[in-house]
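The values are calculated or read from the model by the stated rules, or taken from the named source; none is laboratory data. Fair warning: this is a prediction, and the values are worked out from it, not measured in the lab. When we count neighbours, we look across all protein chains shown, and the Cβ atoms used for this are built from the backbone with ideal geometry, even at glycine.
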Amino acid sequence: MDFPAFPDAPPLLTTEEKNELSKTGCSIPRYKAIIEEKTNSYNDLFHSLYPIEKLVKGLSCFYDEIMQAAWISKGLNNEIHVSLVAVGGYGRGELHPKSDIDLLILIENETLAPKDKIEAFITFLWDINLDVGHSVRTIDESTEMAAKDITVITNLIESRTLIGPDDLLATLKLHVDISQMWDGHSFYQAKLAEQKQRHAKYQNTAYNLEPNLKECPGGLRDMQVIDWVAKRHLHTHRLSALIEKEFLSEDEYIQIKGAVSHLWRVRWALHMVAGRKEDRLLFDHQRTLTKLFGFDDDDLKRNVERFMQGYYQSVAAIQQLNDLLLQHFEESFLANDAVNTVEIINDHFQIANGQLEARSASLFNDTPSSMLELYVLYGEYENIKGIRANTMRQLRDSLDLIDDDFRNDKINTDLFLDIIASRYRLTSILRSMKHLGLLGRYLPEFGAIIGQMQHDLFHIYTVDAHTLQLVENLRRLWLPEFKQKFPISAQAIRHIAKVELLYIAGLYHDIAKGRGGDHSELGCVDAQAFCERHGLSKRDTELVVWLVRNHLFMSVTAQRKDISDPEVIWEFASYVKDQEHLDYLFILTVADINATNPTMWNSWRASLMRQLYLETKRALRRGLDFPIDADMISDEHKQRALEIIIERNVDIVEAENIWETIEEEYFIRSNGDEIAWNTEAIIRHRPSDKPLIAITPLGGRNFSGASKIFIYTPISKHLFAVTAATFEQLGLTILDAKISHTSDNYSLDSFVVMDSNDNDANLHLDKERITLIRKTLMEQLETPSMFESVVQRHTPRILKIFNSPSTAHFVSQPEEVWSALEITAPDRPGLLALVGQFFMNHNIMLHKAKIATLGERVEDTFYITDENGDLITAPDDMNTICDLLKEKIDRFSQAMD
């Protein structure tokens, strides 16, 4: 590719332009025209791949000239007691197209301030549409504020005079010198605390769906923290000076400059695309930037993932060096006043002042296996606080020694298994190994997924971050607070024979993401190879491989199949085969769901997983040779309901009379508690001819968030469409629906719902919401045929970006009582009401629905029959239903956008 010949420097103002803009009375339109012209020139250079460092610095120089001209035009150049100072990013000489321009108007003292001229100057900057942040202070005021506020002293560290007397800023810098305030150690501690607080806002991860490239961990702000601490502590104003002071190697310097340059290019492009200051990589911007950065083949999703992988690799490099340098600074501070305490562990390592360090500067070169031994010791000794920066750097410099011979050496494979079996801080160890590059070198298949994102709303972390979060979730099950939140998982993990097999399965469950094909099947190959290379027994290997292959099986069964059907439970139990496989799979699945997207683990999913686990456990105890008898299940549920009814002094005869009218499937698929609740509500409601609406929270203390709504009303073909539309208009998400009929033409409809307007998925509906829901449903259900099912909620911005075609198909069931229709479609407000209306218009009876919202898409299963209650089995009928429904959903999705 031929690149254009670049000018030595980006365009600045010509002499004629400087003179014109500096004149008193130069018009606002003229300033705007010149700023637009030069900005366009800079953007043209960006598109021509002009070096981003020169663009960022050049744009800052251009605005220096604009500021100076505007200052002169307002007559401030004749003022000897006031100067214009650039601070913050502008003070560093770094500007992007829509960056803030931070200014300090520094005056000698209050009485000498030309207030009218200063006000005119600031107003003029606003009039020419500059995003200016400014303060007007005396030297004394600035000194006082700097002593109190870490942000002010930070801005002043990077300040420079644009125009006016230089001695004002020089005097101020003497007042705020390190000898006067904010010594190197206190400044470091304040910036470290500030960084920790900032990182916490982003869940301490750079791997978010829509990351903030400035503020997230590994973002540009992390690089600035290093710069600030270096300037304050080491009195250096160049990052390269850290090489001379042996805080940074030349390779690290090149790596970090490359990462910063990449983020600068992304930020410049983001400002251009957004047309405003924007540091969030929103989904729609990701798609535009992907094309701008040359990823332009037909696979948009894959292109975005490739673009974002490059971004994540850059922030990972910055985060890694940020950690390393901050620790190096910490050690340099401690070295000044700490008493050295050294505990020798073995010939290779010692603990110095709580930090693990190599005893030889050439340890890893001399004994490469020590790279893994380091982490074995880190997981063995509780009193170790961290790893010394010089040891971490030495390890990084030795990574090239990891090759196939290293990976296949039994010493090293045994050491890695020891790491997996670490007593302490396993997830911290794995994250450290990843950040330093060791984990990706030792497991190349893991290295391939580092920074691998998935362009959807369901997977909110990159594959590597999700994987390590899963392992952390497994470790957390041993903690008391998580034992309360996940009681069954916590109990199960304490009874499995080899918990390290879970960690290995967790490491490999998504290892094949991004390769195309079924990642579960592809991952089995890698998992098998790992187990064999590390000498696991055949039995342990088979278990790990089975877990990797089936890590989605339990969640799919719980969320998409009718687990109240005894045949579904028996089929699942037959596949799992024994309690050991069930326990391992259950624990892995719970950890996986919580590591994929924490908001996905709500009371409903928890109850589904619990129900599937406990029912499968019962089936295994009963024996797979004895399939569950539906009549027996029905009798058990009725007996439990009777016990509850008796405790509540409800008329048993009246209850049994009601049961006589209800179809048997209701008792098979409803547990005793639900039957008793429904029955008591009906008895108390009679003889009213109005619809009965009962609402109660789902489950007990461990399962908050979702609520059950029971409706008892005369049968109407409009009923589901009306109810679904009403729920969605009320901002309720339907998670599950069961519809049963009585011989006296009543419908018993049970819904599990969650408030979709509430950001906290663990809160129940409050009393006011329950009152509103009951009142609105009552109004609509009294005349269901008159209801227009129009949902007026808007589609959220982020959902509009994803609009893939819908799918619809019939699937077979273990024992077909109803026909199962699966629908996958973009998530849109009103979609379920639309489906209900379609069923009504085509004389389709709905008996049960399983609703699963997975990020930007829904995967719903509807159990249906024709209007006579017969299965829909004719191929032509099934194809017609699917084709018409897909067409209707796709038109609806486009209209909602």
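Listed here are the residues, each with its yes/no results for (1) in contact with a helix residue (DSSP H, G or I) (Cβ under 9 Å, 6 or more places away or on another chain); (2) without any contact (Cβ under 8 Å) to a residue 40 or more places away in the chain; (3) within 22 Å of S99 (Cβ to Cβ); (4) not assigned by TED's automatic domain parsing to the domain that holds V315.
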site: H233; (1), (2), (3), (4): yes, no, no, no
site: T236; (1), (2), (3), (4): yes, yes, no, no
site: G258; (1), (2), (3), (4): yes, no, yes, no
site: V266; (1), (2), (3), (4): yes, no, yes, no
site: L270; (1), (2), (3), (4): yes, no, yes, no
site: H285; (1), (2), (3), (4): yes, yes, yes, no
site: F293; (1), (2), (3), (4): yes, yes, yes, no
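From the list S688, S634, exactly one residue is assigned by TED's automatic domain parsing to the domain that holds L748, among the small types (G, A, S) and closer than 29 Å to F586 by Cβ. Which is it? It is S634. Against the conditions (1) under 30 Å from D397 (Cα atoms); (2) of a type in the set (D, E); (3) part of a helix (DSSP H, G or I), where does E357 fall short? Just the number, please. E357 satisfies every listed condition except (3). Has region 187-204 got at least one residue that is modelled with pLDDT under 85, surrounded by 19 or more Cβ atoms within 10 Å (Cβ to Cβ) and at negative phi? No, region 187-204 contains no residue that is modelled with pLDDT under 85, surrounded by 19 or more Cβ atoms within 10 Å (Cβ to Cβ) and at negative phi.
Of the helices (runs of 4 or more DSSP H) that lie entirely inside region 203-296, those containing 1 or more residues that are in contact with a Leu (Cβ under 8 Å, 6 or more places away or on another chain) and over 30 Å from N803 (Cβ atoms) span 220-234, 241-244, 250-274. Restricting region 401-410 to residues that are assigned to a helix (DSSP H, G or I) and among the hydrophobic types (A, V, I, L, M, F, W, C) leaves a set whose member that is farthest from Q528 (Cα to Cα) is L401. In region 389-414, the residues that are aliphatic (A, V, I, L, M) reach residues that are in a loop (DSSP other than H, G, I, E, B) and surrounded by 14 or more Cβ atoms within 10 Å (Cβ to Cβ) with C-beta atoms within less than 6 angstrom, at least six apart or across chains, in these pairs: L399/G437; L401/P368; I411/S369. The residue of region 537-547 that is surrounded by the most Cβ atoms within 10 Å (Cβ to Cβ), among those that are farther than 18 Å from A595 by Cα and touching a residue at least 12 places away in the same chain (Cβ under 8 Å), is V544. Checked against the criterion of being in a strand (DSSP E or B), closer than 26 Å to L220 by Cα, touching a Phe, Trp or Tyr at 6+ places or on another chain (Cβ under 6 Å) and in the same structural domain as G164 (by TED's automatic domain parsing), region 98-105 contains one or more residues that satisfy it. The residues of region 192-235 that are touching a Pro at 6+ places or on another chain (Cβ under 7 Å) and of a type outside the set (V, I, T), listed by number, are H199, Y202, N204, A206.
A single entry from S422, S369 fulfils the requirement of being modelled with pLDDT of 95 or more, within 26 Å of K513 (Cβ to Cβ) and outside the structural domain of F283 (by TED's automatic domain parsing): S422.
Please work out if T467 is of a type outside the set (F, W, Y), closer than 15 Å to Y312 by Cα, surrounded by 22 or more Cβ atoms within 10 Å (Cβ to Cβ) and in contact (Cβ under 8 Å) with a residue 24 or more places away in the chain. The answer is no for T467.
Residues that are on the phi > 0 side of the Ramachandran plot and in contact (Cβ under 8 Å) with a residue 24 or more places away in the chain within region 344-371 comprise just one, G354.
Across region 158-168, the number of residues qualifying as out of contact with any helix residue (DSSP H, G or I) (no Cβ under 9 Å at 6 or more places or on another chain) and surrounded by 14 or more Cβ atoms within 10 Å (Cβ to Cβ) comes to 1.
Would you check if N649 is over 19 Å from L614 (Cβ atoms), at pLDDT 90 or above and not in a helix (DSSP H, G or I)? For N649, the condition - over 19 Å from L614 (Cβ atoms), at pLDDT 90 or above and not in a helix (DSSP H, G or I) - is met. Across region 813-824, the number of residues qualifying as part of a loop (DSSP other than H, G, I, E, B) and modelled with pLDDT of 80 or more comes to 2. Selection within region 632-673: residues that are among the acidic types (D, E) and touching a helix residue (DSSP H, G or I) at 6+ places or on another chain (Cβ under 8 Å). The member of this set that is nearest to K708 (Cα to Cα) is D673.
Kindly evaluate D518 against the criterion of being under 21 Å from T599 (Cβ atoms) and under 26 Å from the mean Cα position of the chain (by Cα). The answer is no for D518.
Only residues that are in contact with a Phe, Trp or Tyr (Cβ under 8 Å, 6 or more places away or on another chain), part of a loop (DSSP other than H, G, I, E, B) and under 26 Å from S555 (Cα atoms) were counted in region 828-873, giving 4.
Per the listing D736, D749, D827, the residue uniquely among the acidic types (D, E) and modelled with pLDDT under 85 is D827. If you check K708 against the conditions, is it part of a loop (DSSP other than H, G, I, E, B), in the same structural domain as I844 (by TED's automatic domain parsing) and among the charged types (D, E, K, R)? For K708, the condition - part of a loop (DSSP other than H, G, I, E, B), in the same structural domain as I844 (by TED's automatic domain parsing) and among the charged types (D, E, K, R) - is not met. If you go through region 174-186 and keep only what is surrounded by 15 or more Cβ atoms within 10 Å (Cβ to Cβ), assigned to a helix (DSSP H, G or I) and modelled with pLDDT of 90 or more, you end up with just H175.
If you go through region 610-626 one residue at a time, how many are charged (D, E, K, R) and under 37 Å from the mean Cα position of the chain (by Cα)? Residues meeting the conditions: 4. The lone criterion from (1) closer than 30 Å to R475 by Cα; (2) within 36 Å of the chain's Cα centre (by Cα) left unmet by S564 is number (1).
You will find that of A641, A725, A694, A655, the residue that is touching a residue at least 60 places away in the same chain (Cβ under 8 Å), under 19 Å from S750 (Cβ atoms) and either among the aliphatic types (A, V, I, L, M) or in the same structural domain as L582 (by TED's automatic domain parsing) (or both) is A725 and no other.
In region 64-96, which residue that is within 23 Å of W264 (Cα to Cα) and β-branched (V, I, T) is nearest to the chain's Cα centre (by Cα)? This residue is V87. Of the residues contained in region 667-681, none is found to be over 21 Å from G869 (Cα atoms) and over 44 Å from the mean Cα position of the chain (by Cα).
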